[in-house]
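K.L.:
Below you will find the structure I want to go over with you.
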Amino acid sequence: MPPAQTLEVNQPRLLYRSGGLRCEGARWRGRPVFVKTRETHSPCTVRRFWQEGEIASRLCHPLVVPLLARTATQLVYDWVEGRSLRELVDQGPLPPDEATSVTWGVLEALAYLHVQGVTHHDLKPENVMLDGGRAQAGAVRLVDFGMSHLRELPDGSKSLRMGTPQFMAPEQFAGARGDPRSDLYSVGALLFDCLAGEPPHKDALGWLSGQPQPALQLPGPAALSTFFGRTLQRDPERRTAQICELQACLNQARGMLDLPRLSPRSPQTWAAPL
Ligand SMILES: Nc1ncnc2c1ncn2[C@@H]1O[C@H](COP(=O)(O)OP(=O)(O)O)[C@@H](O)[C@H]1O
Ligand SMILES: [Mg+2]
């Protein structure tokens, strides 16, 4: 169990409060940090908060925000100086070079998570921070493990449809947890959002609950249609299960667009967990 004693952080400034959690920027041990504080004793929030800390504390990858410390009511993360992908896309759709590069970075982070037995379950532009605000693979910092699932932990949220409808895979909406292919659906929705300025289905809940929807008008260059075809399928069996295959799709599209190929980070650059 994480220690009960509260950590003292300096110069806290409130970013926002929601769902019994308070998010602040602050300083801790001389460095800027992002602090999530649990302000409620609601059993569901207590459990999810604990689970977020449990999962984040096991992760160590350059494209995943590091958890520096935790108590029963606080999660102290490294501060990412930059902006979220949401803030960037809100200014207008991204060019294919930037959109595919950021998506590549998200896939790199996901490949690591999935090897660790973690599914993120809430991939969306709000949860992708960009270090220095740069729309590049190496600037990606994946945040927010509040909905994540770790294979070896019991799932306390079986009856809850947790996630964000516009980015959630249909089987996740139906209650399935822990399937890496659900995250790959969300990556397809994320790339769609980057290129179109909005996520795939206008009536997201209708789509998730199986109601017929108009055919998707894919955004961006036709070269990316294979990527969307392998991610945005209702049936997870019809999606690819291989992240490297999706990366190959991105590189193939980049080649057709005369953009330089991207290359995977070697696993040796993943340091050991704290
Ligand atoms: N380490 C960080 N550094 C700077 N900003 C962050 C960091 N982590 C999250 N944020 C910002 O705060 C927002 C909320 O954090 P998040 O962990 O997603 O909490 P929530 O569970 O409330 O969605 C994110 O969407 C992002 O914009
Ligand atoms: Mg979030």
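Let's see how each residue does on (1) hydroxyl-bearing (S, T, Y); (2) within 17 Å of the chain's Cα centre (by Cα); (3) on the phi < 0 side of the Ramachandran plot; (4) buried (at least 16 other Cβ atoms within 10 Å of the Cβ):
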| residue | (1), (2), (3), (4) |
| --- | --- |
| E171 | no, no, yes, yes |
| G175 | no, no, no, no |
| S182 | yes, yes, yes, yes |
| E237 | no, no, yes, no |
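K.L.:
Shifting gears a bit: Which of the residues belonging to the range 72-82 are part of a strand (DSSP E or B) and within 8 Å of ligand 1 (Cβ to nearest atom)?
P.N.:
Taking the range 72-82 first, the residues part of a strand (DSSP E or B) are 74-78, 82.
The answer is Y77, D78, G82.
K.L.:
Can you tell me which residues in the range 209-236 are closer than 24 Å to L250 by Cβ, in a loop (DSSP other than H, G, I, E, B) and not aliphatic (A, V, I, L, M)?
P.N.:
Filtering the range 209-236 down to residues closer than 24 Å to L250 by Cβ leaves 215-236.
Keeping just the survivors that are in a loop (DSSP other than H, G, I, E, B) gives 215-221, 232-235.
Listed by number, the residues that qualify are Q217, P219, G220, P221, Q233, R234, D235.
K.L.:
Next question, about the same structure. Is there a residue being of a type in the set (D, E, K, R), within 11 Å of ligand 1 (Cβ to nearest atom), surrounded by 22 or more Cβ atoms within 10 Å (Cβ to Cβ) and more than 30 Å from A222 (Cα to Cα) anywhere in the range 48-71?
P.N.:
First pass over the range 48-71, keeping only residues of a type in the set (D, E, K, R): 48, 52, 54, 58, 70.
If we keep only those that are within 11 Å of ligand 1 (Cβ to nearest atom) too, we end up with 48, 52.
Keeping just the survivors that are surrounded by 22 or more Cβ atoms within 10 Å (Cβ to Cβ) gives 48.
Pick out the ones that are also more than 30 Å from A222 (Cα to Cα) and you get 48.
Yes: the range 48-71 contains one or more residues that are of a type in the set (D, E, K, R), within 11 Å of ligand 1 (Cβ to nearest atom), surrounded by 22 or more Cβ atoms within 10 Å (Cβ to Cβ) and more than 30 Å from A222 (Cα to Cα).
K.L.:
Among the candidates P125, P96, single out the residue that is in contact (Cβ under 8 Å) with a residue 24 or more places away in the chain and over 13 Å from the mean Cα position of the chain (by Cα). If you could, list the steps in order and put the result at the bottom.
P.N.:
Numbers: P125 fails: over 13 Å from the mean Cα position of the chain (by Cα).
Of the residues listed, the single one that is in contact (Cβ under 8 Å) with a residue 24 or more places away in the chain and over 13 Å from the mean Cα position of the chain (by Cα) is P96.
K.L.:
Any residue in the range 48-70 that is more than 22 Å from V9 (Cβ to Cβ) sitting within a Cβ distance under 6 Å of a residue that is part of a helix (DSSP H, G or I)? List the pairs, counting only those 6 or more apart or interchain.
P.N.:
Partner pairs satisfying both residue conditions: H61/Y112; L63/G105; L63/E108; L63/A109.
K.L.:
Still on this structure, I have one more. Which number in (1) touching a residue at least 60 places away in the same chain (Cβ under 8 Å); (2) closer than 18 Å to I55 by Cα marks the one condition that R177 misses?
P.N.:
Every listed condition holds for R177 apart from (1).
K.L.:
With the requirement that a residue be surrounded by fewer than 16 Cβ atoms within 10 Å (Cβ to Cβ) and in a loop (DSSP other than H, G, I, E, B), what does the range 16-47 give you?
P.N.:
Selection gives G19, R29, G30, E39, T40, H41, S42.
K.L.:
Further, regarding this structure: Conditions: (1) within 16 Å of ligand 2 (Cβ to nearest atom); (2) among the hydrophobic types (A, V, I, L, M, F, W, C); (3) farther than 20 Å from G197 by Cα; (4) assigned to a helix (DSSP H, G or I). L88 meets all but one. Number of the miss?
P.N.:
Tallying (1) within 16 Å of ligand 2 (Cβ to nearest atom); (2) among the hydrophobic types (A, V, I, L, M, F, W, C); (3) farther than 20 Å from G197 by Cα; (4) assigned to a helix (DSSP H, G or I), L88 fails exactly one: (3).
K.L.:
Among the candidates Q5, Q91, which residue alone is closer than 30 Å to S225 by Cα and out of contact with any Asp or Glu (no Cβ under 9 Å at 6 or more places or on another chain)?
P.N.:
After applying the criteria, what remains is Q91.
K.L.:
If the requirement is being in the same structural domain as E245 (by TED's automatic domain parsing) and under 29 Å from T73 (Cβ atoms), which of these qualifies: D131, D90? Before the answer, list the steps.
P.N.:
Values: D90 fails: under 29 Å from T73 (Cβ atoms).
The match here is D131.
K.L.:
Continuing with this model, one more query. Note down all Cβ pairs under 8 Å where the first residue falls in the range 100-115 and is more than 16 Å from V89 (Cβ to Cβ), the second is of a type in the set (F, W, Y) and not in a helix (DSSP H, G or I), and they're at least six residues apart or on different chains.
P.N.:
Note: pairs meeting the criteria are Y112/W270.
K.L.:
Quick test of your reading of the structure: P165 fulfils all but one of (1) crowded, with 19+ Cβ neighbours inside 10 Å; (2) within 16 Å of ligand 2 (Cβ to nearest atom). Name the failing condition by number.
P.N.:
Checking P165 against (1) crowded, with 19+ Cβ neighbours inside 10 Å; (2) within 16 Å of ligand 2 (Cβ to nearest atom), the one that fails is (1).
K.L.:
Another one. Determine whether A99 is closer than 23 Å to A196 by Cα, assigned to a loop (DSSP other than H, G, I, E, B) and away from ligand 1 (no atom under 12 Å from the Cβ). It would help to see each step written out before you state the result.
P.N.:
Working: closer than 23 Å to A196 by Cα: yes; assigned to a loop (DSSP other than H, G, I, E, B): no; away from ligand 1 (no atom under 12 Å from the Cβ): yes.
No; evaluated as a whole, the condition is false for this residue.
K.L.:
Have a look at E98, E126, E108, E171 and point out the one that is away from ligand 2 (no atom under 16 Å from the Cβ), of a type in the set (D, E) and closer than 28 Å to R47 by Cβ. Can you show your working first?
P.N.:
Working: E98 fails: closer than 28 Å to R47 by Cβ; E126 fails: away from ligand 2 (no atom under 16 Å from the Cβ); E108 fails: closer than 28 Å to R47 by Cβ.
Only one candidate passes the filter, namely E171.
The values are calculated or read from the model by the stated rules, or taken from the named source; none is laboratory data. Being a predicted model, the structure only gives us computed values, none of them experimental. Ideal geometry is used to build each Cβ from the backbone, glycine not excepted, and the neighbour counts take in all protein chains shown.
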